[in-house]
Amino acid sequence: MAAPQNGGDSDPQKEAKRLKTDENDAGNEGEPAAEMSISGFEVGRILRDSAREKNIFVHGKIDDQEAIIILEKTPITQDVLPEMLKNSTQMLEMRNDIYSTYQLQPPPRLNGIKTTVICPATEKHVKKYLRQETFLIEETEDDYQSITLPYINSQSFSVQWVYNILEKKAEADRIVFEDPDPQVGFVLLPDFKWDQKQLDDLYLIAIVHRRDVKSLRDLTPDHLPLLRNIREKGLEAIMKRFSVPASKLRVMLHYQPSYYHLHVHFISLDYEAPGCSVERAHLLIDVIQNLQDDPEYYRKHTLTFPIRADDALLTKFKEAGRV
Ligand code: GTA
């Protein structure tokens, strides 16, 4: 593990507690972190919030370590409605003719808030969640080789969490399906954006066992058996477990992904998840067809993707005179 690069303090514990800037150092040695004390979170800066999405992304500290906390109100589902209406405390806000508004205070167990903690968080995590302007990059084959690839080799987020899943060191009890084949196999499990409380925002990811495919850019016809296997067995497993048919699922890859270990997103068609827009999402079925039609498709074609204003990759493209 590379040493943190942000100061000359020789105390390794103090060093580890600082905000890491070396993204390849962002993981741990493979063991999942112990449970965090959320009540000890010291609020720092609001990175982003949305009244419409009912979520807030906050940068702060837990036990002196840099941390990000994401709080999100969860959807109200039909099965909890009767209890919610019957057992909530009710306060009238206003009444006017046939119209009235109330504040209901449901029992705590019906009032959960989905909470995600990233700790220790790196600068790159902070940037990822900070609301900022985005731009489109048109990346040619040459750009990928000379700008993007060297950048992702040196700067990308740790994929330790991915290896923990593949090695059953974390989230093993959440696995929905696994094909253990080293070449075409994968693990299918709920994405951490889905709390599994309702199917409206169903979100699973299929993580491939092989470790040599970073992203869409690496895909060749050699990977067709892998891609077809993920599609076929992933859809089958989701139908079996959740009774959601293929016609209700958006099965796609991101380009650029945040994590450079090939994975496929399985998302409810009714859920407008982040990253579903046309500039970032690539349907798996289209990827398969493109590779069937043209073996060099993802190596040669210009691929367009969105990038945040302060992403260092944008700076690299600017320095190269490409934007
Ligand atoms: N099961 O430990 C994990 C884990 N991690 C670290 C990431 N993922 C994980 N899943 C499990 N366990 O869908 C999931 C991510 C994502 C996928 C990686 O792996 O949730 P990607 O490489 O294409 O990266 O996919 P992507 O899409 O950029 O990452 P992510 O995190 O989804 O961020 C995209 C945007 O989603 C963010 O900018 C933010 O707007 C939003 N977002 C992220 N996390 C949350 C959240 N918890 N709640 C609400 N919105 C969120």
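In this simple spin-label model, placing a label point 7 Å from the Cα along the Cα-to-Cβ direction at both Asp222 and His301 gives a separation of 2.1 nm. Taking only the C-alpha atoms of the range 41-128, Rg followed by Dmax gives 17.5, 54 Å. Only the Cβ atoms of Lys and Arg (+1) and of Asp and Glu (-1) were treated as charged; on that basis the dipole of the range 164-305 about its Cα centre amounts to roughly 160 debye. Where does the Debye-calculated log10 I(q)/I(0) of the chain sit at q = 0.07, 0.14, 0.15, 0.16 Å⁻¹, using only Cα point scatterers of equal weight, no solvent? So the normalised log intensities work out to -0.34, -1.28, -1.44, -1.58. Taking other C-beta atoms within 10 Å as the exposure proxy, Met94, Met252 rank Met94, Met252 from fewest upward. Using a cutoff of 8 angstrom between alpha carbon atoms and counting only pairs six or more residues apart, the relative contact order for the range 46-191 works out to 18 percent. Which parts of the range 196-214 would a label at Lys169 reach, counting a residue when its backbone N lies under 18 Å from a point 7 Å out along Cα-to-Cβ? In the range 196-214, the label zone of Lys169 (backbone N under 18 Å from the point 7 Å along Cα→Cβ) covers 207-212.
Calculate the FRET efficiency for Ser247 and Glu319 from the Cβ-Cβ distance with a Förster distance of 35 Å, rounded to the nearest 0.05. Using R0 = 35 Å, I get an efficiency of 0.15. Note on Glu133 and Asp49: their simple-model spin labels are 2.5 nm apart, each label 7 Å out from Cα toward Cβ. Our summary gives the range 41-128 a relative contact order of 28 percent, counting only alpha carbon pairs under 8 angstrom and 6 or more residues apart.
The value of relative contact order for the chain, using C-alpha pairs under 8 Å at least six residues apart, is 17 percent. With each label modelled as a point 7 angstrom along the Cα→C-beta vector, the Glu35-Ala309 pair spans 4.1 nm.
Throughout, read-outs are computed from the coordinates displayed, never taken from laboratory work. Not measured: the values here are computed from a predicted model. Ideal geometry is used to build each Cβ from the backbone, glycine not excepted, and the neighbour counts take in all protein chains shown.
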